[in-house]
Every structure is written in C-alpha cells, then in structure tokens.
Amino acid sequence: MAKIRLATVWLDGCSGCHMSFLDMDERLIEIASKVEVVCSPYVDAKEFPANVDLAIVEGAVSSEEDLEKLLKIRKNSKIVLALGDCGVTGNVSAMRNLVGLEASFKHAYDDLSDANKGVRPSREVPKQLERVSAQHERVFIDRFLPGCPPPADAIYHILLSLIEGKEYDIFNHTRFGK
Ligand code: SF4
C-alpha cells in the first residue's frame, strides 16, 4: 500500500500541539512506517508541496502570512485536520480580538516596553489581520481535534483512523458526512 503523504504545519500557535504530537513516543515509529512526511517543522520544508493526502494544521489565522499558508494548504491537500483549540476556535491566539489589534499593539509596544517604547516593528513581523480567525472561518476543514493541546493518545487514534481509511478514504477524497 502506498504511503500517505503527510504534512504538519503551524500557524499562530505556541507549538504545544506539535509537542503533544511528539508525545506519541514509540507510536511515532508505527505512524512513520505508514506515512511519508513531506512537510513539517520536523523536516524543515521551505514550501508547502502539492498532492498532500493529510495536512495537520496547528494554530489560528492571525496574519496575512497565516492566511496565505492556509489557503495553499487547502488547495494542495485532500484532508485538512485542525489540530488543537487555537485552530478549532481561535483560543489563546484570538484573545486579542477582545480589545482589537491596535489596542493590543499599544499595550505590547508602548505600555509594557522598557526599551524603544512606542517603536513598532516594521520588518520580520508578518502583517497582522484586524481579527484572528479559527481555521474553519477561512477554509473548509475536514476534521477537528480540540484540546490545548490535544492529548497524544487522541492524536494517535485520529491519525491511525485517517491513515488506515477507517473514517475517510483519503485516496478517493471522500469527506466525512459528504
Ligand atoms: S491549542 Fe494550546 S497547545 Fe495548541 S497551539 Fe494553541 S495554546 Fe498552544
């Protein structure tokens, strides 16, 4: 059987969901025997590739860069799994929506800053969107795994069921409930 082309990506998240992925420990060896990891912070791919079977995405959509990445992921992936509360609901990343972008920048760069008070970064910080979104507000998401972070056991079971085609036929792109 051909291996599943698997990608893992993070948008605006703390990387805790990816750390939980690693907490699968020795079960990673079993997963690794069934997948080809084509893009991930673990393999340091620079560009999101084409023809991905399963993309696991951590984090909310906070910047123009996040949105661009998510659109590219959706276009090039058969199944997209939102991993963790930030991706599923916005969670911690979306807390700035309560006060708005300008007020959170003011607090971070003006009120709390010891040095360079009032100076806003103009380079190397992606342009922030006015409002942080959960992933499903921007693209169709096939499967959600909530948790902050989701436990390693849950990640293992959902991955195995997706990889073994128990819930989805990845190669025929049959979406849950469709
Ligand atoms: S859901 Fe929790 S662990 Fe995952 S990226 Fe968000 S804050 Fe971090």
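Among the residues of the range 17-32, is there at least one that is crowded, with 22+ Cβ neighbours inside 10 Å and more than 25 Å from Glu164 (Cβ to Cβ)?
Scanning the range 17-32 turns up no residue that is crowded, with 22+ Cβ neighbours inside 10 Å and more than 25 Å from Glu164 (Cβ to Cβ).
Given the conditions (1) surrounded by fewer than 23 Cβ atoms within 10 Å (Cβ to Cβ); (2) under 14 Å from Val132 (Cβ atoms), which single one is not true for Glu68?
For Glu68, the exception is condition (2).
Pairs, please: C-beta under 7 Å, at least 6 apart or cross-chain, first residue under 21 Å from Pro49 (Cα atoms) and in contact (Cβ under 8 Å) with a residue 60 or more places away in the chain and in the range 61-89, second more than 15 Å from the ligand (Cβ to nearest atom) and among the acidic types (Asp, Glu)?
Correct list of pairs: Lys78/Asp53; Ile79/Asp53; Ile79/Asp142; Val80/Asp142; Leu81/Asp142.
Could you give me the residue pairs with C-beta distances under 9 Å whose first residue belongs to the range 135-157 and is among the β-branched types (Val, Ile, Thr), whose second residue is part of a loop (DSSP other than H, G, I, E, B) wherever it lies, and which are 6+ apart or on separate chains?
Close Cβ pairs (under 9 Å, with a partner that is part of a loop (DSSP other than H, G, I, E, B)) amount to Ile141/Ala134; Ile155/Asp23; Ile155/Met24; Ile155/Gly147; Ile155/Pro149.
Are any residues in the range 62-88 closer than 16 Å to Phe21 by Cα and of a type in the set (D, E, K, R), and if so, which ones?
Asp85
Determine if the range 27-34 includes at least one residue that is under 22 Å from Arg96 (Cα atoms) and either within 15 Å of the ligand (Cβ to nearest atom) or in contact (Cβ under 8 Å) with a residue 40 or more places away in the chain (or both).
The initial filter retains those residues of the range 27-34 that are under 22 Å from Arg96 (Cα atoms), namely none.
Within the range 27-34, none of the residues are under 22 Å from Arg96 (Cα atoms) and either within 15 Å of the ligand (Cβ to nearest atom) or in contact (Cβ under 8 Å) with a residue 40 or more places away in the chain (or both).
Val61 is checked against (1) in a helix (DSSP H, G or I); (2) within 13 Å of the ligand (Cβ to nearest atom) and fails just one. What number does that condition carry?
(1)
Just name the residue that is surrounded by the most Cβ atoms within 10 Å (Cβ to Cβ) out of those in the range 94-135 that are of a type outside the set (A, V, I, L, M), in contact with a strand residue (DSSP E or B) (Cβ under 7 Å, 6 or more places away or on another chain) and outside any strand (DSSP E or B).
Let us first name the residues in the range 94-135 that are of a type outside the set (A, V, I, L, M), namely 96-97, 100, 102, 104-107, 109-111, 113-114, 116-118, 120-124, 126-128, 130-131, 133, 135.
The next check asks that each one be in contact with a strand residue (DSSP E or B) (Cβ under 7 Å, 6 or more places away or on another chain); those that pass are 96-97, 126-128, 133, 135.
In the following step, the residues that additionally are outside any strand (DSSP E or B) were identified as 96-97, 126-127, 135.
On the way: Arg96: 19, Asn97: 16, Pro126: 13, Lys127: 7, Gln135: 28.
Here the residue is Gln135.
The numbers here are math on the coordinates, done by the rules we state, and not lab data. Model, not experiment: these values are computed from the prediction. Every residue, glycine as well, gets a Cβ built from its backbone with ideal geometry; the counts of neighbours run over all protein chains shown.
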